[in-house]
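The values are calculated or read from the model by the stated rules, or taken from the named source; none is laboratory data. Just so it is clear, the structure is predicted and the values come from calculations on it, not from any experiment. Here Cβ is always computed from backbone atoms with ideal geometry, including for glycine, and neighbour counts include all displayed protein chains. Side chains are part of the model used for accessible areas, which takes the heavy atoms of the whole protein and leaves out ligands, DNA and RNA. Shrake-Rupley method; radii C 1.70, N 1.55, O 1.52, S 1.80 Å.
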Amino acid sequence: MQGLLLKLSTLDADAESAVRVIAYFDSLLRDHVSVPTLLAATARLAQCPVGLLDAATGRRTRTSPRGAVDTPAEAPAQVRELSDGLGAVWMEREGPAHGLDEIVLERYAAAAEVTLERAAALARSGQDPALVELVLSAETGEAERARALRLLGFAPSTPLQALAIALPDRGLAAGLRAMGHQVRATRIGDTEAVLVATTLPRDLPEGSRVGIGPELPGARAAESWAGARTALRFTGPHDRVMHWSELGALALFADLPEPAVAGLADVRAMERLGEESLAAVRALCLAGSVRGAAATVHLHHSSMAARIARAESVLGFSLADAAGRLRAHLALALVRLRANLRSGTPA
C-alpha cells in the first residue's frame, strides 16, 4: 500500500480515480470472487482484454470487456509475474497506455495472487468447481487435465466415474461423501457434475435423476462425463438412474433431434397410452411374462393380461413375443428421451 501511495502522489488529478481503482479491487477480494469473475471484472474496468496464467494448471485465460473468454496459445511478451510462482497477469491494450493502467495492473496482480491462493486451498480440500469442469471438458489438454486431477487429489490413472445429476439435486453428492466416497462436484449449466473415485453401489439414494458414466482412468474423465450426460437423457420418473454401460445400442439414438424422435410411429402410440397401460407395458418389458409383470405390480394375472391387450390395441403390435417386447422397450426409452429433449435436459 505504501508503494501505491507513492505512485498516487505523482498522479495529481488522477489520484481520486486511482483510489477508486484500489477500492474496486478491494471489494472484489472481500466478495471472494473466483478467478473467472476477477478476469471479467478487470476487463470491464480496463476496457481492454486481460489475461492470466495459472502456473498450477498451466492454463492461460483471456477475457474481453464484453465477457468473451478464450485460451491463447501463449502469453504476450509483457506480463506481470505473480509472487510465489503462482503465474502471471497481463493487459492487452491497443494504442497508447492509459494513465491508470499501471495502477490497474498492479492491483489486478495483487488480487490474482490472493484469488489463486484461495483457489489452491479449495482445490486441496476438493471444493474447486473450476478444476472439476477442467477435468471433464473434452477440450482440455492431456497435461492440463493431469495437473487439475492432481490438484483435486486424483492421479491421472485413478479409476473415476462421472455422474450427471439433473437439478435440483436432492443431495446425492453429499450422500456419496457420507458413504465414504471421494467426491468432487460442480454445476455445469442445469446439471450437477460429479466425479467419484470408487465404484458406485448399484442402488443409489432415491430422488435425483442421474446418468452414470463408465469407470475410466482420470485421464479419460471427459469420456465418462459424455457417457453420463447421454445416460441422463434416458432417465425418467420410473427410471431415475441410468448407467451408460446399460444403454447398449440405445446410445445411438441419443443425438437424434426431438422432431425425429417425435415422428416415430411407436413413440406416438406409446405416448397415447394412459398411465395404467404404460405401467403394464413397462412391467411386462422388465419381467418378460404376463404372470411376472402381474406379480411385480401386485395384480392378478388376468387383470394384467387385460391391460396388456388394451395397450396392444393402441400400439398396433403384439407384446406376446420377445420381438414385440423389445420394440416396446425401445419405444419406452425413446419416450423418455423425447421428454428430456423437450424439457432441455443437457446433452
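The residue that is surrounded by the fewest Cβ atoms within 10 Å (Cβ to Cβ), among those in the range 314-346 that are touching a helix residue (DSSP H, G or I) at 6+ places or on another chain (Cβ under 7 Å) and outside any helix (DSSP H, G or I), is 316. Among the residues of the range 184-193 satisfying the criterion of being under 14 Å from residue 131 (Cα atoms) and either in contact with a Ser or Thr (Cβ under 6 Å, 6 or more places away or on another chain) or of a type outside the set (D, E, K, R) (or both), which is surrounded by the fewest Cβ atoms within 10 Å (Cβ to Cβ)? Among those that are under 14 Å from residue 131 (Cα atoms) and either in contact with a Ser or Thr (Cβ under 6 Å, 6 or more places away or on another chain) or of a type outside the set (D, E, K, R) (or both), it is 188. Does the range 64-78 contain at least one residue that is acidic (Asp, Glu) and within 29 Å of the chain's Cα centre (by Cα)? Yes, there is a match, as at least one residue in the range 64-78 is acidic (Asp, Glu) and within 29 Å of the chain's Cα centre (by Cα).
If you go through the range 26-39 and keep only what is closer than 17 Å to residue 88 by Cα and open to solvent by less than 50 Å² (accessible area, probe 1.4 Å), you end up with 35, 38, 39. In the range 202-210, is there at least one residue being out of contact with any helix residue (DSSP H, G or I) (no Cβ under 8 Å at 6 or more places or on another chain) and touching a residue at least 40 places away in the same chain (Cβ under 8 Å)? Checked the range 202-210: no residue is out of contact with any helix residue (DSSP H, G or I) (no Cβ under 8 Å at 6 or more places or on another chain) and touching a residue at least 40 places away in the same chain (Cβ under 8 Å).
Mind checking which residues of the range 162-183 are open to solvent by less than 30 Å² (accessible area, probe 1.4 Å) and touching a Gly at 6+ places or on another chain (Cβ under 6 Å)? Answer for the range 162-183, where residues must be open to solvent by less than 30 Å² (accessible area, probe 1.4 Å) and touching a Gly at 6+ places or on another chain (Cβ under 6 Å): 162, 164. Number of residues in the range 40-70 that are touching a strand residue (DSSP E or B) at 6+ places or on another chain (Cβ under 6 Å) and open to solvent by 30 Å² or more (accessible area, probe 1.4 Å) equals 9. Of the helices (runs of 4 or more DSSP H) lying entirely inside the range 226-294, the ones with 2 or more residues being over 23 Å from residue 210 (Cβ atoms) and either open to solvent by less than 40 Å² (accessible area, probe 1.4 Å) or in contact with an Asp or Glu (Cβ under 9 Å, 6 or more places away or on another chain) (or both) are found at 265-272, 275-287. Against the list (1) open to solvent by less than 10 Å² (accessible area, probe 1.4 Å); (2) in contact with an Asp or Glu (Cβ under 8 Å, 6 or more places away or on another chain), the condition residue 221 fails is (2).
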